[in-house]
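Contents: one structure, followed by commentary.
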Amino acid sequence: MTQLEQCFFNMYKMDYDFGWYDKSQMRGLVVQGFLSPENYQKIVGEAYEAPQA
């Protein structure tokens, strides 16, 4: 993980831990490319599942 990716990971983890983001919003970050599916799992504690079209 690059330093920038680590910075964003830490920021999103804090947002989730404080309740500022919920699982749906975290999934949205993955869809937008701001968060990897692997980091989603590390933060939320469950595997990322892509939204069904």
Residue check: is Gly19 of a type outside the set (Lys, Arg), free of Cβ contacts under 8 Å to residues at least 12 places away in the same chain, open to solvent by less than 70 Å² (accessible area, probe 1.4 Å) and not in a helix (DSSP H, G or I)?
yes
Just name the residue that is farthest from Phe8 (Cα to Cα) out of those in the range 35-53 that are within 10 Å of the chain's Cα centre (by Cα) and part of a loop (DSSP other than H, G, I, E, B).
Tyr48
Give me the residue from the range 22-34 that is without any contact (Cβ under 8 Å) to a residue 24 or more places away in the chain and assigned to a loop (DSSP other than H, G, I, E, B) and, out of that set, most open to solvent (accessible area, probe 1.4 Å).
Asp22
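The values are calculated or read from the model by the stated rules, or taken from the named source; none is laboratory data. These figures come from a predicted structure and were not determined experimentally. Neighbour counts run over all protein chains shown; Cβ positions are idealised from the backbone, glycine included. The accessibility values were calculated without ligands, DNA or RNA, using every heavy atom of the protein model including side chains. Shrake-Rupley method; radii C 1.70, N 1.55, O 1.52, S 1.80 Å.
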